[in-house]
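Read through the structure below, which is laid out as C-alpha cells, and then see the notes.
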Amino acid sequence: MAGTYVGRFAPSPTGPLHAGSLVAALASWLDARAVGGKWLVRIEDVDGPRCVPGADELILRQLATCGLVADEPPGWQSNRSALYQQALDRLLAAGLAYPCACSRKEIDAALAARGQIHQRHGERVYPGTCRHGLQGRPARAWRLRTDAPDGSDLLIDWLDRRLGPQRQDLTGEVGDFVLKRADGLWAYQLAVVVDDADQGITHVVRGEDLADNTPRQIHLQRLLGLPTPAYLHTPLVLAADGQKLSKQNGAAELDLADPLAALVSAGRTLSLPSSLPASGRDAWLEAAVAAWGRSWPWREAG
Ligand code: GLU
C-alpha cells in the first residue's frame with residue numbers, strides 16, 4: 001500500500017475548523033499514515049461568496065497546531081478553473097452535459113405541471129426541460145445528464161468502508177445536476193472529481209454529511225473515464241440539540257489552546273481506544289496511527 005495510497009482533507013474556507021471538521025481531518029490523516037501513504041490538503045474555495053477571507057490560512061494553522069501537516073504544499077481550487085472548464089468541454093462534446101436556461105421559478109412550474117413538487121434537501125430534481133435544447137433562450141447554467149443510456153433511471157451502487165453497500169437512484173432522487181452555476185461558479189461536484197483525479201487521490205475520507213454526494217461524483221468519474229477512489233465517511237459530531245454540527249449553524253471554532261484535548265475528543269468520535277497515551281500531542285498521534293492500523297474496523301475495504 002505504501003507509495004500507492006494518496007489521501008486528502010479538503011476543507012471549504014467558510015470559517016475556522018470546528019470539532020466536526022477536525023474528525024474528518026484526523027481520520028483522513030490517520031488512514032494515510034497507517035499505511036505509510038501520502039496526505040494532501042486542498043482548500044475548496046470555488047464558492048467564493050461563501051468563503052471567509054483568511055479562513056484558509058487559519059485552517060492550515062489549526063491543522064498544524066494539531067500536528068496534521070500535509071506532505072505537499074496545499075492547493076487552492078480557485079487556481080484550477082482551466083481544468084474544470086476542460087472537463088466540462090469534454091462532457092459537452094460527448095453530449096453528456098448541456099446548457100440550461102431555466103430559472104428556479106421555471107423549474108418549479110415545470111415540476112408542478114407534472115404534479116411533482118419533488119424537493120430533496122430543499123433542492124429540486126430538475127425535470128430535464130433543456131436536455132433537448134434551449135428553445136432560443138440564453139444559457140444560464142450547465143448540467144450533467146443523469147439518465148442511463150437507454151433512458152431508464154441510473155442506479156449507482158457503491159461501497160462505503162464504514163456504512164457498507166449503498167445505492168442511489170441518481171435520476172429519480174437527484175436528477176440532472178449543475179456543473180457550472182448560473183452565477184458562473186463551478187459546482188463542488190465537478191471540482192472535487194477533477195481534483196481528486198488530478199491529484200491521484202486513492203482514498204477519500206470525509207464526513208458522513210457528504211455520503212449522499214458520492215453517487216454524483218462516481219457518475220462523473222465514470223463519464224470522464226477517471227478512477228473511483230475508495231470512500232470512508234466518518235461519523236458526524238452532533239451539536240447539543242442533536243443537529244449536525246456545521247460552520248453554518250455557528251459551530252464554535254475549536255479551542256486549540258489544548259490541541260491534545262481536541263484530538264482526544266475527535267478520537268472519541270472515531271471510536272479510537274480511550275487508552276491512548278495522553279502525555280502529549282505527538283505521542284497521542286503516534287499511538288492513534290498504530291491503533292488505526294492495527295485494529296480499525298474500517299481499515300481497508302477493497
Ligand atoms: N469541501 C467540502 C467541505 O468542506 C469537503 C469536500 C470533500 O471532502 O469531498 O464540506
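Before moving on, here are some points about what is shown:
- Residues that are surrounded by 21 or more Cβ atoms within 10 Å (Cβ to Cβ) and in contact with a strand residue (DSSP E or B) (Cβ under 9 Å, 6 or more places away or on another chain) do occur in the stretch 245-254, at least one of them.
- When the test is whether a residue is within 16 Å of the ligand (Cβ to nearest atom), of a type in the set (S, T, Y) and either at pLDDT below 95 or surrounded by 14 or more Cβ atoms within 10 Å (Cβ to Cβ) (or both), S103 does not pass it.
- When the test is whether a residue is open to solvent by less than 10 Å² (accessible area, probe 1.4 Å), in contact with a helix residue (DSSP H, G or I) (Cβ under 8 Å, 6 or more places away or on another chain) and within 13 Å of the ligand (Cβ to nearest atom), V23 passes it.
- Among the conditions (1) open to solvent by 50 Å² or more (accessible area, probe 1.4 Å); (2) at pLDDT below 95; (3) within 16 Å of the ligand (Cβ to nearest atom), P227 misses just one, which is (2).
- One residue alone among T4, T14 is open to solvent by 10 Å² or more (accessible area, probe 1.4 Å), hydroxyl-bearing (S, T, Y) and more than 24 Å from K180 (Cα to Cα), and that residue is T4.
- Test: residue in the stretch 175-192 that is open to solvent by 30 Å² or more (accessible area, probe 1.4 Å) and under 14 Å from the mean Cα position of the chain (by Cα): yes
- The residue pairs whose first member lies in the stretch 47-69 and is over 15 Å from A19 (Cα atoms) and open to solvent by less than 40 Å² (accessible area, probe 1.4 Å), whose second member is of a type in the set (D, E, K, R) and in a loop (DSSP other than H, G, I, E, B), and whose beta carbons are closer than 7 Å, counting only pairs six or more residues apart or on different chains, are C51/D45; D56/D45.
- Residue in the stretch 83-91 that is more than 20 Å from the chain's Cα centre (by Cα), within 28 Å of R137 (Cβ to Cβ) and open to solvent by less than 40 Å² (accessible area, probe 1.4 Å) present: yes
The values are calculated or read from the model by the stated rules, or taken from the named source; none is laboratory data. Treat the numbers as computed from the prediction; the structure is a model and nothing was measured. Backbone-built Cβ (ideal geometry, glycine too); neighbour counts: all protein chains shown. All accessible areas refer to the heavy atoms of the entire protein, side chains included, with ligands and DNA or RNA removed. Shrake-Rupley method; radii C 1.70, N 1.55, O 1.52, S 1.80 Å.
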